[in-house]
Amino acid sequence: MTLTAKSVARVTLVSALLTAVAGAAIIGASPASGAASTLGAAAQQSGRYFGTAVAAGKLGDSTYTGILNREFDMVTAENEMKMDATEPNQGQFSYGNADRIVNQARNQGKRVRGHALAWHSQQPGWMQNMSGSSLRNAMLNHVTQVATYYRGKIYAWDVVNEAFADGSSGGRRDSNLQRTGNDWIEAAFRAARSADPGAKLCYNDYNTDNWSHAKTQGVYRMVQDFKSRGVPIDCVGFQAHFNSGNPVPSNYHTTLQNFAALGVDVQITELDIEGSGSTQAQQYQGVTQACLAVARCTGITVWGIRDTDSWRASGTPLLFDGSGNKKAAYTSVLNVLNSGTNPGPTSTTTSSNPGGGGCTATYSEGEKWSDRFNGNVTVSGTDNWIVTVTVSSPQRIIATWNTSATWDSANVMTARPNGNGNTFGFTIQHGGNWNWPSVSCRVG
């Protein structure tokens, strides 16, 4: 999150697909009897967290801290860990306000996301005037010093923030850091790993929701490259500042799932949705369910507590109003979190190519909801595979990821590689039939 407006409009309306994915959660209804009554506790039921951004200057507000202590189990410093706050003068580090947030969170048994170690924006003045090797060395020293200071206290660091350009290029943003060399992001991640080996290391950005967008693809290619070369990256953050620009794309789940399939966690890191009433509640419902539909989506952070605490206060984008009252959006999120379950068992069935050739397709059960369930297929023995997936009526496959799929009939899908490896998945609307699909594999 930046203190100035983003250059590209954020999203407002959850698409029809996300509304469908949201399932049967009832907006405005009270949590079911026996369900968790707070956001953090409800998220923990499926092994996830639900966090918020915190400003040190508001910790003296009893309403603010009361909601914080009660509802959330993850904390992110809104501005207090950014470069201008932690190193206002070169080589002179200042942690006072950040420490207030970290200590308050840890004293309440909460975890902390660190935001952010390296960024082209909110740099201290002395850094803005640097370039070349001097800037590179100063950036690496900053990453090392701050991550070392908080070693053992941070669950995950946004190591690099917003390094890719908007638009159709799919390339890096032009910045003083980028001009030190295209390897600057990799260098920052390696420095962070050395400084705090126990923290998860994340890349964080905005406008990466649509799988077909060039910016999303650019970030994906970087993460894919990092994983292939052993660069230490553990997670990707999707900021999710939504407003009245464009709808959440119908392939949002595909985006989250495809990144997760690279072997990284995905996290919704700065969620806020401008609006009010049932429309806003539906949007929050859909985004929350999209996270629950991906096993490696490990948590959600909203960017503030009350509407009046938001950097976009006029848009009333958060879960509590200015007086600290729960909004309809709060209830919709809580209901979805309470409906979530842990990923399904990893027991498998296999079907080998009857003609030989060493092709085996292994099916494993994914997450389940009242009206649908996820399945995953891993292929071994060849990279040139064709897998047939057959479902039983009235089942139908409503979403796929990591494969090029065609349908031979309403009940038979043929899946082929699409360049994203040998594991793919799909969502089945079951219509009351919970039977697993059958899978078979042959060499293409």
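Can you compute log10 of I(q)/I(0) for the range 360-443 with the Debye formula, treating each Cα as one identical point scatterer, at q = 0.11, 0.15, 0.25 Å⁻¹?
-0.25, -0.47, -1.26
How do the peptides 270-276, 124-130 rank, highest first, by the average count of neighbouring beta carbon atoms within 10 Å per residue?
Ranked from most to least packed, the peptides come out as 270-276, 124-130.
For the chain, report the accessible area per residue in Å² (1.4 Å probe, heavy atoms, rounded to an integer).
Here the per-residue accessible area is 36 Å².
Which residues among the range 176-200 fall inside the zone where the amide N is under 20 Å from a point 7 Å beyond the Cα of Ser131, along Cα→Cβ?
Zone members listed by number: 176-185.
Quick one: with all protein chains in place, what share of the accessible area of the range 49-108 is carbon or sulfur, to the nearest percent (1.4 Å probe)?
The value for the range 49-108 is 36 percent carbon and sulfur by accessible area.
Near Lys58, which lysines are there with a Cα under 29 Å away, not counting those fewer than 8 places off in the same chain?
Those lysines meeting the cut-off are Lys6, Lys82, Lys110, Lys153, Lys200, Lys326, Lys327.
Across bins of 10 angstrom width beginning at 0, how are the C-alpha pair distances of the range 117-198 distributed, in whole percent?
18, 50, 27, 5
Which three extents, in angstrom, do the Cα atoms of the range 224-336 have along their principal axes, listed largest first?
Over the range 224-336, Cα extents along the principal axes are 49, 26, 24 Å.
Please list 298-306, 396-404 highest first by mean number of surrounding beta-carbon atoms within 10 Å per residue.
The peptides rank, most packed first, as 298-306, 396-404.
Regarding the range 38-87, what whole-number volume in Å³ per residue does the convex hull of its Cα atoms give?
Spelled out: Cα convex hull of the range 38-87, divided by residues, is 61 Å³.
Reported to two decimal places, what Rg/Rh ratio describes the range 145-286 when computed on Cα atoms with Rh from the Kirkwood expression?
0.99
With every protein chain in place, what's the accessible area of Arg416 (1.4 Å probe, Å², nearest 10)?
We get 90 Å² for Arg416.
Going out from 0 in 20 Å bins, what whole percent of all Cα-Cα distances in the chain drops into each bin?
Here the calculated profile for the chain is 25, 55, 19, 1.
The values are calculated or read from the model by the stated rules, or taken from the named source; none is laboratory data. As the structure is a computational prediction, the values presented were derived from the model and not from experiment. Positions of Cβ are backbone-derived with ideal geometry, glycine not excepted, and every protein chain shown enters the neighbour counts. When the accessible area is computed, the model is the full protein with side chains, heavy atoms only, and any ligands, DNA or RNA have been set aside. Shrake-Rupley method; radii C 1.70, N 1.55, O 1.52, S 1.80 Å.
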